[in-house]
Amino acid sequence: MNKIDRLIKKEAKPFLKQYHEILNEIKKFDKIALFRHIMPDFDAMGTQMGLYIWLKDNFPNKEIRYLGDNHVSFTPRLFPETEKLNEDWFNEPFLAIILDTANKSRIADPRWAKASLIIKIDHHPAVEQFGHINLVNTKMAAASEIVVNMLLSIKGKYILSKEAASNFYIALAGDSGRFQYNSTTPHTFAIAKELLKTGFTLSNVYQKMYYKKIEDLKVTAYVLNNFKVSEHGVAYYVLSDEVQKELNITTERGKENVNIFSNIEGINVWCSITEDIKDKCYRISIRSKEKAINEVAAKYEGGGHAQASGAKIKTLDQLEQFIKDLDDLFI
Ligand code: AMP
């Protein structure tokens with residue numbers, strides 16, 4: 001690797017020992033499976049696909065696998081379908097690398113537990129340290145920011161192809177809200193710079209990430225006609241199962257319009273509340289301009305980052321209290 005940015009070196013320093021432990025484990029195993037969280041987002045899928053390509057490019061003789069549920073709209077537009085592996089594959093020794101996932105219950109495929117060795121790489125506040133090696137750095141805006149810092153810092157001649165880099169970039173742009181959240185630091189930009197240097201076309205990446213169909217505008221229209229705002233600027237919209245059917249969308253897509261409210265005067269926090277009849281709950285995505293909302297999320301079976309968290313309520317009876325808890329942050 002050519003001369004790397006000073007900020008990347010500085011950030012890597014306290015983690016170098018762990019990075020090389022991870023590299024050694026990668027070298028040891030012939031079979032490696034990459035996992036990430038359920039209901040995946042750009043970071044979960046982009047980091048997983050970026051690392052998958054990097055491993056294939058640099059260790060062509062190893063068997064690398066990419067697991068977890070497909071995404072309702074990112075697959076196959078942005079990421080290939082995940083692999084349907086039969087049980088035999090997991091009966092031989094393999095290394096599991098689990099990306100962007102704070103706790104065991106959110107890992108998208110349960111077969112990670114069969115691994116001979118487990119490595120967790122994450123940027124969420126540590127809920128459970130389920131790996132033999134736990135590489136956790138909560139200062140990073142995205143899991144991909146950690147992984148790329150590691151890949152650029154380890155000793156040895158490794159290539160970072162533009163295919164791997166563009167996936168890591170999708171992850172980084174996704175979880176930093178296109179470099180808008182306060183989690184974005186000079187280091188985030190240093191990583192973005194290294195990725196961009198590989199030569200992928202930025203406009204192609206963004207077009208694929210934020211592509212919409214004309215019928216998606218009907219969902220946006222519904223949200224704009226039905227949102228509410230609390231006294232101190234908590235905006236929210238509810239998509240009941242019935243409305244989802246009317247609009248022809250799946251539950252996973254309920255949060256797609258949440259950021260409509262991101263730059264509106266007087267709106268401090270914004271949420272999508274989407275009924276999930278399979279899980280008998282309402283899934284909530286919460287975003288914030290400045291104030292940290294993850295503690296409120298944690299009160300409602302959730303968690304996440306200061307400005308982007310997820311939560312759940314069982315019924316709409318809890319909605320008023322949930323909005324009040326967010327609203328109270330601004331009194
Ligand atoms: P979402 O609104 O689903 O896009 O989630 C926003 C952020 O919060 C992502 O980084 C998620 O990984 C995280 N998150 C969502 N739900 C949970 C949860 N139940 N526990 C911990 N983190 C979560």
TODO: Find how much the distance from L196 to K324 grows on full extension, using 0.36 nm per residue of separation minus their present alpha carbon separation; answer in nm with one decimal.
DONE: 41.8 nm
Open item on the list: Set the bar at 20 Å for Cα to Cα. Now go through K31/K155; K13/K62; K104/K312; K84/K212; K157/K208; K10/K56 and name every pair that lies beyond it.
Closed with: K31/K155; K13/K62; K84/K212; K157/K208; K10/K56
Task: Residue-span extension gain [E21 to I4] - 0.36 nm each, minus C-alpha spacing - done: 4.0 nm
Task: Point-to-point label distance, S203-D57, nm (Cα→Cβ direction, 7 Å offset) - done: 2.4 nm
Open item on the list: For the chain, set up a GNM with springs between Cα atoms under 10 Å and report which of N225, N70, N268 has the largest fluctuation.
Closed with: N225
- [ ] Only helical DSSP H runs with n ≥ 4 go in: add -39500 (n - 2.57) per run for the chain, normalise by residue count and round the 222 nm mean residue ellipticity to 500 deg cm²/dmol.
- [x] -10500 deg cm²/dmol
Task: Theoretical FRET efficiency, 1/(1+(r/R0)^6), r = Cβ-Cβ of A113 and A221, R0 41 Å, to 0.05 - done: 0.40
- [ ] Quick one: what are the phi-derived ³J(HN,Hα) couplings along the stretch 297-307, Karplus 6.51/-1.76/1.60 with θ = phi - 60°, whole Hz, x for glycine and proline?
- [x] 4, 5, 5, 10, 6, x, x, x, 9, 4, 10
Task: Within a Gaussian network of the chain (alpha carbon springs, distance under 10 Å), most fluctuating of I107, I121, I260 - done: I260
TODO: Obtain the nm distance between the two label points defined at N263 and N70 by a simple spin-label model: each point lies 7 Å from its Cα along the Cα-to-C-beta direction.
DONE: 3.5 nm
TODO: For the stretch 273-284, just list the computed ³J(HN,Hα) in residue order, Karplus coefficients 6.51, -1.76 and 1.60, θ = phi - 60°, integers in Hz, with x standing in for Gly and Pro.
DONE: 10, 10, 5, 10, 6, 5, 8, 6, 7, 10, 8, 10
Task: Rounded Å value of the spacing that divides the Cα centres of the stretch 189-244 and the stretch 83-133 - done: 29 Å
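Rounded, prolate or oblate, given the Cα gyration tensor of the stretch 3-209, with a/c below 1.5 counting as rounded?
Here the stretch 3-209 falls in the rounded category.
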Task: For A235, residues with placed amide H under 5 Å, excluding near neighbours - done: S230, N268, V269, W270, C271
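So what is the relative contact order of the stretch 216-330, in percent, for Cα pairs below 8 Å that sit 6 or more residues apart?
On the way: 212 pairs, mean separation 24.4, N = 115.
Computed over the stretch 216-330, the figure is 21 percent.
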Open item on the list: Can you tell me which of L217, L55, L135 moves the most in a GNM of the chain? Springs connect C-alpha atoms under 10 Å apart.
Closed with: L217
Task: Theoretical gain in end-to-end length, L316 to E295 [0.36 nm per residue, Cα-Cα removed] - done: 5.5 nm
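Values quoted throughout were computed directly from the atomic coordinates according to the rules given, and no laboratory measurement underlies them. All values derive from a computational prediction rather than experimental measurement. Note that each Cβ is placed from the backbone with ideal geometry, even for glycine, and that neighbours are counted across all protein chains shown.
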